[in-house]
Amino acid sequence: MLVSRAQDMMKEGTKHLSGQEEAVLRNIEACKELAKIIRTSLGPNGMNKMVITAQEKLIVTSDAGTIVKELEIVHPAAKMIVMASKRQEEEVGDHTNLVIILAGELLQQAEALLRVGLHTSDIITGFEKAGDKVEEMLQNMVAYKAENLHDLEGMSRALKAAVAAKHIGYEDILSRLIAEACISTLPKNSKNFSVDNVRVAKIAGGGVSDSFTVKGAIVSRDVEGTIKRVSNAKIAIFTGGIGVAKTEGKGTLVLKNAEELLGFNKGEEAALEKLIKQIADSGVNVVISGGAIDEMAMHFLEKYKLMVIKTLSKFEIRRLCKTVGAAPMVRLGAPTAEEMGHCTEVYVEEMGSQKVIILKQNKDDSGVATIVVRAATENVLDDIERAIEDGVNIYKALSKDNRMLAGAGATEIELAKQLKAYAETTPGQEQYAINKYAESFEVVPRTIAENAGMNASEIISTLYSHHMKNDKFDGVDVYEHKIRSAVDMHVFDSYMAKFYAIKLATNTAITILGIDQLIMAKPAGGPKMPSMGGAMGGMGSMDNEPAF
């Protein structure tokens with residue numbers, strides 16, 4: 001028997017795997033394992049994963065994007081699915097778990113076809129046809145349209161499902177806070193909405209129900225002086241520190257007597273006081289500094305009753321400029337009318353033994369909004385922040401495309417039903433692939449049911465019977481453990497998020513199926529990763545395990 005020796009012509013240490021058993025099925029197996037990890041985190045009752053990073057940072061979350069980022073996947077086929085989920089995160093910001101789970105299920109169904117003798121090219125052709133058909137079908141499955149992006153109640157309902165998928169129990173509170181923050185920062189042209197304008201301030205202590213939204217920005221520190229509250233604030237923002245100007249080069253100053261020394265110091269003081277007096281005379285009553293403030297400058301700022309805020313973050317400086325409508329100033333001096341910012345109120349408030357500065361705006365278009373999140377532990381705060389990010393991203397998707405699909409697995413079952421009918425009308429062996437493609441969508445309602453402790457097989461059969469009666473919006477009610485209309489439950493998924501997730505999962509599965517050989521170069525030299533056996537409580541070293 002002739003044995004392929006392709007690695008003989010390559011660099012020593014190169015591995016070459018080919019054929020169905022060595023390449024295709026091994027790739028599918030790795031992707032199935034990744035999907036299996038993420039599946040249990042799908043839906044409102046999804047379980048959390050505890051991930052301990054290489055830096056020994058503890059992360060507890062059910063967010064698929066965070067999980068795959070921290071797992072550091074090394075298998076190249078599985079990494080392709082991870083990259084697809086990252087593209088989904090960048091494009092829409094939600095449904096990253098659907099990309100991984102659906103891609104894994106598509107490959108599992110393809111494996112069954114490969115084992116009965118269907119050729120890879122027939123499977124790929126069938127998947128491509130089914131993917132194109134899904135794009136047509138989705139347009140006829142719209143369950144709700146978010147017509148008015150300024151409607152607080154309507155937007156809260158639209159964002160409820162995205163928040164519940166990450167943090168069940170607080171979806172009503174959080175979806176309303178997200179809607180308030182997004183509406184207050186919505187520009188006149190809604191398509192220009194930016195997720196960066198909605199910030200999250202995490203303050204430990206209290207409960208989630210104590211969270212609230214502020215129209216404006218929050219700085220997590222105390223002011224520098226004694227003035228703690230200013231109404232109708234006029235603000236000057238300096239990118240550098242406030243103090244006596246220092247020369248760039250080195251120089252020598254010769255002072256012959258004590259009078260000259262006193263005169264020199266008084267000259268510096270007079271020059272600094274003059275600058276700060278000019279700032280106060282311009283109407284400014286709040287000064288924000290991007291650098292250090294020396295003691296002499298602090299004395300004169302207090303003398304002229306100016307509130308002083310210091311922040312060393314250039315990103316926070318930029319955000320504060322946007323909040324108050326100010327221009328950042330490099331020079332120290334009185335701002336012009338165009339450079340000066342305005343704010344309804346600036347005050348210090350203590351929350352959970354932590355002092356924060358609140359820059360509050362009362363106008364409807366505040367430019368920046370901040371959601372203050374309260375919770376008992378840092379892990380819960382981080383998890384709520386991820387839920388808020390998903391909600392804000394869904395609002396952004398709705399600002400571009402206001403269509404929404406029925407959630408709770410209703411859309412997936414309807415797609416499966418219609419694709420199976422389409423498969424019967426398709427000639428050739430592609431119909432087997434289309435039929436398996438349709439069955440792949442069952443993974444969503446099945447997983448939702450399993451994670452809620454329901455009988456998945458019974459739920460799937462009941463869902464099909466409801467959809468056969470043209471109840472196309474019926475999905476899984478995880479609260480009452482029955483089948484119910486997703487429209488009545490106010491459970492909706494963004495059309496754009498679902499569309500891109502299905503498209504990315506299909507394309508990734510097709511790409512992986514099209515790989516018939518693996519050629520791996522010898523790993524580069526260097527220090528090896530330390531064993532994780534001790535840190536992981538006896539789970540054993542993974543240093544010598546192969547990547548495939």
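What the table below lists for this structure:
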item: DSSP bridge pairs, segment 214-400: antiparallel proportion in percent, nearest 5; result: 65
item: Relative exposure of PHE441, PHE212, judged by other C-beta atoms within 10 Å (fewest first); result: PHE212, PHE441
item: 0 to 90° range, to nearest 10: angle between helix 378-400 axis and the chain longest Cα axis; result: 80
item: Counted charge near ASN402, where neighbours are those whose Cβ lies closer than 15 Å (Asp, Glu -1; Lys, Arg +1); result: +3
item: Two-site label geometry, GLN429 and ASN455: point separation in nm, points 7 Å out along Cα→Cβ; result: 3.9
item: Distance from segment 293-331 to segment 419-495 (C-alpha centre basis), Å; result: 57
item: Spherically averaged projected area of the chain from its Cα convex hull (nm²); result: 35.4
item: Dipole magnitude of the chain about its Cα centre (Cβ charges: Lys, Arg +1; Asp, Glu -1), debye to nearest 20; result: 1040
item: Distance violations [Cα-Cα > 23 Å] among LYS36/LYS86; LYS57/LYS215; LYS57/LYS86; LYS166/LYS322; LYS36/LYS498; result: LYS57/LYS215; LYS166/LYS322
item: Mean separation of Cα contacts under 8 Å (6+ apart) over length of the chain, as relative contact order %; result: 26
item: Calculated Rg and Dmax of segment 214-400 using C-alpha coordinates, Å; result: 20.0, 73
item: Estimated distance in nm for a label pair at GLU70 and PHE212, the labels positioned 7 Å out from Cα along Cα-to-Cβ; result: 3.1
item: Pairwise label distance in nanometres, LYS79 with MET47, each label 7 Å out on the Cα-Cβ vector; result: 2.9
item: Using θ = phi - 60° and Karplus 6.51 cos²θ - 1.76 cosθ + 1.60, couplings along segment 153-163 (whole Hz; Gly, Pro as x); result: 5, x, 5, 4, 5, 5, 8, 4, 5, 5, 6
item: Modelled FRET efficiency - R0 60 Å, GLU349 with GLU480, Cβ distances, 0.05 increments; result: 0.90
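Bear in mind these aren't lab numbers, they're just calculated from the coordinates by the rules spelled out. Predicted, not measured: the structure shown is a model, and the values here were computed from it. Please note: Cβ atoms are built from the backbone with ideal geometry, for glycine as well, and neighbour counts cover all protein chains shown.
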